[in-house]
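Down below is the structure, laid out as C-alpha cells.
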Amino acid sequence: MLLLVVLLGLGYGFLNGFHDSANIAAPLISTRALRPRTALLWVAVGEFAGPLIFGSAVAKTIGADMLESHAITPTILAAALAGAIVWDIVTWWFGIPSSSSHALVGGLLGSAIVASGWGVIKWGGLDRVLIALFISPFLGFIAGYLITKFNFAAFRNAPPRIQEVFRRGQLFTAIGLAMSHGANDSQKTMGVVTLALVVSGHLSHFQVPFWVVLLAASALALGSGVGGWRLILTLGGRVFRIRPVHGFSSQVGSAAVIAGASLLGGPVSTTHVMTSSLMGSGAAERFNKVRWQIAGDMVYAWLLTIPISGAVAAGVYFLFHALGA
C-alpha cells in the first residue's frame, strides 16, 4: 500500500502538471510568444526548477498540519489520491480548468473522515488551507487588474511595437510563474508521500527526503511538458482574446501571489490564481471584454471539486477496505 501511495502520488503530480500547464502556456501560445510545443517545454523547465529552489512549507501544511497523523494510514492516503486523480481526469476531458489542489484537499478529507471520523481533522490547519485556497483567486484578480491598469497608464503614448516588448517579456514572466507553480504544487505530492512514510514507520518525523523532492518535481515537469490541450483552448481563447500586455500582466500578478503563498506555506490553486488574474487583466481594459459566462462555468467546477473528489475518495476507501487493504 505504501508503494501504491508513491505511485499514485507521482500520477497525481503528473496530472497536476498536465492539467495546470495550460494556465501558464495558454497566454504564451495565444500571443504567439512561443510555439505550442516550445511553450510547454519552457514551462516544464520552470516547473522542475521551482521545487528545488523554494522550501517545503506547503508540504508541511498538507502533510502535517491538516490531519492527525496517528489516525492516518497508507490506505487513506491512497484513496485520497485516487479521488483527486479521477476528478482531474474528468475535468480535463471536458476542458474545465478545475483545481488539482482542491481535488487533493477534498480527497484527503473524504477518505480520512469515513475512515477515522471528524476528529481526524486539525481544524486550525484546515482553516489555513481553505483560507489560502479561497482568498488567492481574489488576490490574483486584483493583481492582474492593477498591473494591467498600470501598464496601460505607463505606456499609453507608446507606439504599437510596445506589444512586441510585452510579448518577449512573457518569456521571463512565464518561467517565473512556472517556478512558483512548481514550488507550490509539487509540495502537495511531497506532503502526501512524506506523510505516508511517517505513518508507515519509514520516517520518525515529518521531513521531506530529497528523493521525494526529485520524484515530485520530475512528475510535475513531465506532465507540464505533455500539456493539457483542451484546457489551453479554454484559457487561450474562450475567456477573451488575449494580447501580449494581458499575458505579461497576468503572469506577473499570478507569480507574485503564488510565490508569496509558497514561502508562507499556503497551498493555492494555480488554476484559480492564473485564471482569475487573466480575467482581471481583461477587465482592466474593458469589463465586458471577458466572457463571464465561461467564468461562471469555471466557478461551478471550483465549488464542486472538494465535495465530489471527497465522495470519490470515500468510495475508493470503502473499496480498498472491502478488499482487505
Within the stretch 74-121, restricting to residues that are closer than 13 Å to Ala311 by Cβ and of a type in the set (Val, Ile, Thr), the one that is modelled with the lowest pLDDT is Val90
Review point. Just a yes or no: is a residue in the stretch 270-281 over 28 Å from Glu47 (Cα atoms) and outside any loop (DSSP other than H, G, I, E, B)?
Key: no
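Table: residues versus (1) touching a Lys or Arg at 6+ places or on another chain (Cβ under 6 Å); (2) at pLDDT 80 or above.
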residue	(1), (2)
Phe240	yes, no
Phe248	no, yes
Val257	no, yes
Leu264	no, yes
Ser269	no, yes
Ser277	no, yes
Asp297	no, no
Leu304	no, yes
Looking at Gly191, is it in a helix (DSSP H, G or I), more than 14 Å from the chain's Cα centre (by Cα) and closer than 23 Å to Ile147 by Cα?
no
Filter the stretch 108-132 for residues that are within 20 Å of the chain's Cα centre (by Cα) and buried (at least 23 other Cβ atoms within 10 Å of the Cβ); the one that is nearest to Gly191 (Cα to Cα) is Leu108
Any residue at all in the stretch 53-60 that is over 30 Å from Gly117 (Cβ atoms) and of a type outside the set (A, V, I, L, M, F, W, C)?
-> yes
Residue set Ser186, Ser98; condition part of a helix (DSSP H, G or I), within 17 Å of Ile24 (Cβ to Cβ) and not basic (Lys, Arg); output residue Ser186
Scanning the stretch 257-283 for residues that are over 23 Å from Ile62 (Cα atoms), of a type outside the set (Ser, Thr, Tyr) and surrounded by 24 or more Cβ atoms within 10 Å (Cβ to Cβ), the one nearest to the chain's Cα centre (by Cα) turns out to be Leu278
Tell me, please, whether a residue that is touching a Ser or Thr at 6+ places or on another chain (Cβ under 6 Å) and surrounded by fewer than 18 Cβ atoms within 10 Å (Cβ to Cβ) can be found in the stretch 304-325.
yes
Inset, instruction - For Ser309, indicate whether it is at pLDDT 90 or above, closer than 27 Å to Gly182 by Cα and among the polar types (S, T, N, Q). - result: yes
Considering residues that are surrounded by 20 or more Cβ atoms within 10 Å (Cβ to Cβ) and of a type in the set (Ser, Thr, Tyr), the number found within the stretch 176-214 is 4
Those residues of the stretch 94-107 which are crowded, with 24+ Cβ neighbours inside 10 Å and on the phi > 0 side of the Ramachandran plot amount to none
Worksheet item: Going by the conditions given, is Ala143 farther than 22 Å from Gly260 by Cα and either surrounded by 21 or more Cβ atoms within 10 Å (Cβ to Cβ) or small (Gly, Ala, Ser) (or both)?
Response: no
Among residues of the stretch 166-175 being touching a helix residue (DSSP H, G or I) at 6+ places or on another chain (Cβ under 8 Å) and hydrophobic (A, V, I, L, M, F, W, C), the residue surrounded by the fewest Cβ atoms within 10 Å (Cβ to Cβ) is Leu171
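The values are calculated or read from the model by the stated rules, or taken from the named source; none is laboratory data. This one's a predicted model, so the numbers in the text were calculated from it and none came from an experiment. Note that we place each Cβ from the backbone using ideal geometry, even for glycine, and neighbour counts take in every protein chain shown.
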